[in-house]
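Down below is the structure, laid out as structure tokens.
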Amino acid sequence: MAGLRRARDAWNRYWFRPAPAIDLDVLRIAAVGFQLILLWGADWWWGPMPAHLARTAALPDFFYNPIGVLFVYSELGGPRPTLGPVLAIYGLTWVAGVLALIGWFTRPAMAVFAAGSVLIVTFYYSFTDFHHVESLLLITLLLLAWAPVGRTLSVDALRARLRHNIGERRFEPWDQAGVTDLYAAWPVHLVRVLFALVYLSACVTKLNLDGGGLFRWANGSTLQYWMIQDSYFFSSQVALWFSQLPLPVLAVASWGALAFEGTFWTAAVWPRLATFYVPAGVAFHLGIFATQRAAFFPYYALYACFLPARRLLLAARERITADRPLVLYDAACLLCLRSMTILQFLDWFDRIAYVPLQQDPLPRLGRVDAAFRHRALEQMHVVERDGSLHAGFAACRRLAWRLPLAWPIVPFLYLPGATMIGSFAYRRVAETRERFETCDGDACMLHRRR
Amino acid sequence: MKRAWISSIIAGTLLLQGFLVLPTPIRRSILTPVVGYERAGYLNPPLTFPFLDYPLYTNTHETGEPIPQLRLIGIRADGFEEQLSAEGLGMTPWHFNFLIRAAVRSDVTEVRDCLDAIDSPSADALVGLRVEDEPVLWGDGPVRRGPVVTVETLSLREP
């Protein structure tokens, strides 16, 4: 009885311990993002997915050999799926996938996306030889559907934060890296263990269990054989070149593959070893793709389960927080609270400091006169470390450099004419904001002045 | 309750994927007392998709072992013969391999169904197929093609 209790406690300690929600959400974004690419039809052979589904659906019945859930469905008397419902599921899966990626209604979207993805892939593999590249990704999506995804790096999290700050009538900075959840660790750990089992399976099946030398597969000739075969099948010059390397070199490569697959489990037990195994895995699968066209690219996305996102984020913050610009905001204006909440939500590396205009004296500026305060209420002001001031569109441009999600638009902010158009647009929004945002009566310094 | 439910998901996932690490004969010997010999042979990947085992490039080979390179020759009514290809027939390589495997087994019905499915004029004109092997030879000199050997010939004419 005591032994059982100890085992249960150990189980709970391993799977259910408070863990950073951001680690889980990085895995969510990587897995969902990659599956969306696959659903788009980036596969080098099949082309666009809808066309592939249409071709598959047009195949005669004798090609239909249902697997997975479709096998169960057909055993229950279900007919072969036709193109219409399959395309409907495809469309629904796409919408759910985009929602799961951006984190809007994350958990229901994740459940629909996982189920839809499994159905779509199962459908086309029920008509042809199946492949292994998607299976671990699909299992991961199914697991994430049961996990507390979307607590960070999501629209859901932003909306919750906005509700909180607006409800409290004050801007409270919120650190996404600080969010922990009792149920955030288990999916991440489980995907690591699944990786270990997958690689172990690949290793075990190469062992010669029928006698004649357990490790005969690593004789070098075997690898040479497969490389020559694939050089013909895929017209791969790289495979042909590789097959012509000296036999001892091929034997070493074979031993390397066996060692990698057979010991990958150590990275699941001691995640710090992932700093070796993940780059090794990337190189391993790149080599396999270059020679044998086996595109195990989903594994690259799933290696995110080894990424200590929170730790890396905190380490990055420590290195780059020294020159944080100050954003001056009106602490009594709801529009300003909302803007600051969104800005801070996007500020992953904590590269901006938020200072209420009501503070006196203001950091870096000291005591300021009424004219300055009025100008700061009219448009956003950013104070750099050297005390230089940037207002309105120029301030937005300074801040865009600090927000990773804004980096793609930074070059556009410097195009000829961008300053003129940007300043005009900024002024228009600043002047008309009363029309779409109501401040809470007399509290708003800007509106009180007007 | 939530913890118990998630624990069952974890345990089920581990059990299924862990079971698939075992070699096929061992899996079958474990399953047989539970579901019977027939079903134990049946309950294997890809039926368990997306849970799979990973027997990739697992067979062991020795230097010099010929590498079979099967090719399919189409025979038309006028006696004209041409080598068929997946691209030429508008098929994926995997369905083309399916066709070759059916031809090697002399399964005329399956070959006909397969050719009917692809809706290609060049496939419609075929009255026969011949499977040839032009193995790749290696190990004692440069990689080269060996002599062509006929593996199977089958007629597609209606009986």
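The values are calculated or read from the model by the stated rules, or taken from the named source; none is laboratory data. Every value quoted in this text rests on a predicted model; they were computed, and no experiment measured them. Quick reminder, even Gly has a Cβ in these numbers, built from the backbone with ideal geometry, and neighbours come from all protein chains shown.
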Legend entry - Odd one out for A:Ala58, checked against (1) within 11 Å of chain B (Cβ to nearest Cβ); (2) closer than 19 Å to B:Pro46 by Cβ; (3) surrounded by fewer than 17 Cβ atoms within 10 Å (Cβ to Cβ): (2)
Inset, instruction - Can you confirm whether the range A:107-126 contains a residue that is more than 16 Å from the chain's Cα centre (by Cα), buried (at least 18 other Cβ atoms within 10 Å of the Cβ), of a type outside the set (A, V, I, L, M, F, W, C) and more than 10 Å from chain B (Cβ to nearest Cβ)? - result: yes
Inset, instruction - Would you check which residues across the range B:11-31 are among the β-branched types (Val, Ile, Thr), in a helix (DSSP H, G or I) and surrounded by 14 or more Cβ atoms within 10 Å (Cβ to Cβ) and list them? - result: B:Thr13, B:Thr24
Inset, instruction - Could you tell me which numbered condition B:Thr63 fails, if it satisfies all but one of (1) over 22 Å from A:His131 (Cβ atoms); (2) at pLDDT 95 or above? - result: (2)
Inset, instruction - Scan the range A:74-90 and give yes if some residue there is loosely packed, with under 13 Cβ neighbours inside 10 Å, of a type in the set (A, V, I, L, M, F, W, C) and more than 27 Å from the chain's Cα centre (by Cα), otherwise no. - result: yes
Legend entry - Residues of the range B:62-90 satisfying the condition of being under 21 Å from A:Arg293 (Cα atoms) and assigned to a loop (DSSP other than H, G, I, E, B): B:Pro68, B:Gln69, B:Ser85, B:Gly90
Inset, instruction - Can you tell me which residue within the range B:32-57, out of those that are farther than 26 Å from A:Leu143 by Cα and in contact (Cβ under 8 Å) with a residue 12 or more places away in the chain, is surrounded by the fewest Cβ atoms within 10 Å (Cβ to Cβ)? - result: B:Gly41
Inset, instruction - Would you be able to say whether some residue in the range A:142-153 is within 10 Å of another protein chain (Cβ to nearest Cβ), buried (at least 17 other Cβ atoms within 10 Å of the Cβ), of a type outside the set (A, V, I, L, M) and within 30 Å of A:Ala54 (Cα to Cα)? - result: no
Legend entry - Lone qualifier among B:Arg157, B:Arg105 - being among the basic types (Lys, Arg) and more than 23 Å from the chain's Cα centre (by Cα): B:Arg157
Inset, instruction - Test A:Val32 against the criterion of being in contact (Cβ under 8 Å) with a residue 40 or more places away in the chain and more than 14 Å from every other protein chain (Cβ to nearest Cβ), and give yes or no. - result: yes
Inset, instruction - Have a look at B:Val131, B:Val136 and point out the one that is within 21 Å of the chain's Cα centre (by Cα) and facing chain A (nearest Cβ under 10 Å). - result: B:Val136
Legend entry - Restricting the range B:131-159 to residues that are modelled with pLDDT of 90 or more and in a loop (DSSP other than H, G, I, E, B), the residue that is surrounded by the most Cβ atoms within 10 Å (Cβ to Cβ): B:Trp138
Inset, instruction - Could you identify the single residue in A:Tyr64, A:Tyr90, A:Tyr124, A:Tyr73 that is under 21 Å from B:Pro46 (Cα atoms), without any contact (Cβ under 8 Å) to a residue 60 or more places away in the chain and aromatic (Phe, Trp, Tyr)? - result: A:Tyr73
Inset, instruction - Determine whether the range B:113-128 contains at least one residue that is at pLDDT below 90, part of a strand (DSSP E or B), of a type outside the set (Val, Ile, Thr) and farther than 26 Å from A:Arg293 by Cα. - result: yes
Legend entry - helices (runs of 4 or more DSSP H) wholly inside the range A:356-450 containing at least 1 residues that are modelled with pLDDT under 85 and among the charged types (D, E, K, R): A:370-378, A:418-436, A:445-449
Inset, instruction - Could you tell me whether any residue of the range B:86-96 is more than 9 Å from chain A (Cβ to nearest Cβ), surrounded by 13 or more Cβ atoms within 10 Å (Cβ to Cβ) and on the phi > 0 side of the Ramachandran plot? - result: yes
Legend entry - Evaluation of B:Thr63 against (1) within 20 Å of the chain's Cα centre (by Cα); (2) touching a residue at least 60 places away in the same chain (Cβ under 8 Å) (one fails), failing number: (1)
Legend entry - Filtered residues of the range A:353-386 (kept if surrounded by 15 or more Cβ atoms within 10 Å (Cβ to Cβ) and closer than 14 Å to A:Phe171 by Cα): A:Ala353, A:Tyr354, A:Val355, A:Pro356, A:Leu357
Inset, instruction - Could you identify the single residue in A:Thr205, A:Thr222 that is within 11 Å of chain B (Cβ to nearest Cβ) and over 30 Å from B:Ser8 (Cβ atoms)? - result: A:Thr222
